[in-house]
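Here is the structure we will look at, set down as structure tokens.
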Amino acid sequence: MTAGAPLPRDVLVKMTFGVAGQAGIERIVAPASDNGTFRAEAPFPLERLAAGSYALQAAVMVDGNVVGTISATIRKR
């Protein structure tokens with residue numbers, strides 16, 4: 001995809017946040033295109049979390065099919 005080209009309408013990002021191995025809070029958002037870079041943002045209520053480790057996962061979907069994933073572990077102290 002070239003810089004400045006519009007993002008296809010069928011692209012979504014599913015983000016999940018919570019304790020690893022348990023059902024978490026899920027958000028599905030349409031990413032924004034910023035000079036050829038796609039960015040997806042979703043709010044999660046972090047201020048009320050107890051100290052511990054949490055998992056953040058993102059899955060990029062095109063036409064409802066997952067085409068890429070990424071995950072990270074976040075620790076709140």
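Backbone geometry of the stretch 41-56 corresponds, through the Karplus equation with coefficients 6.51, -1.76 and 1.60 at θ = phi - 60°, to 3J(HN,Hα) couplings of 10, 8, x, 9, x, 6, 5, 8, 6, 6, 4, x, 9, 9, 10, 10 Hz, x marking Gly and Pro. Seen from all directions on average, the chain presents a Cα convex hull projection of 5.8 nm². Using only side-chain charges placed at the Cβ, +1 for Lys and Arg and -1 for Asp and Glu, the dipole size of the chain relative to its Cα centre rounds to 360 debye. Positive end of the dipole of the chain (Cβ unit charges, origin at the Cα centre): among ASN35, ALA58, ALA23, the Cα lying farthest that way belongs to ALA23.
Per-residue extension of 0.36 nm, minus the Cα-Cα distance of SER33 and ASN65, leaves a gain of 9.5 nm for this segment.
Laboratory data are not the source of any read-out in this text; all were calculated from the coordinates shown. The shown structure was predicted, so the numbers you read here are calculated from the model rather than taken from an experiment. As a convention, Cβ positions derive from the backbone with ideal geometry for all residues, glycine included, and neighbour counts pool all protein chains shown.
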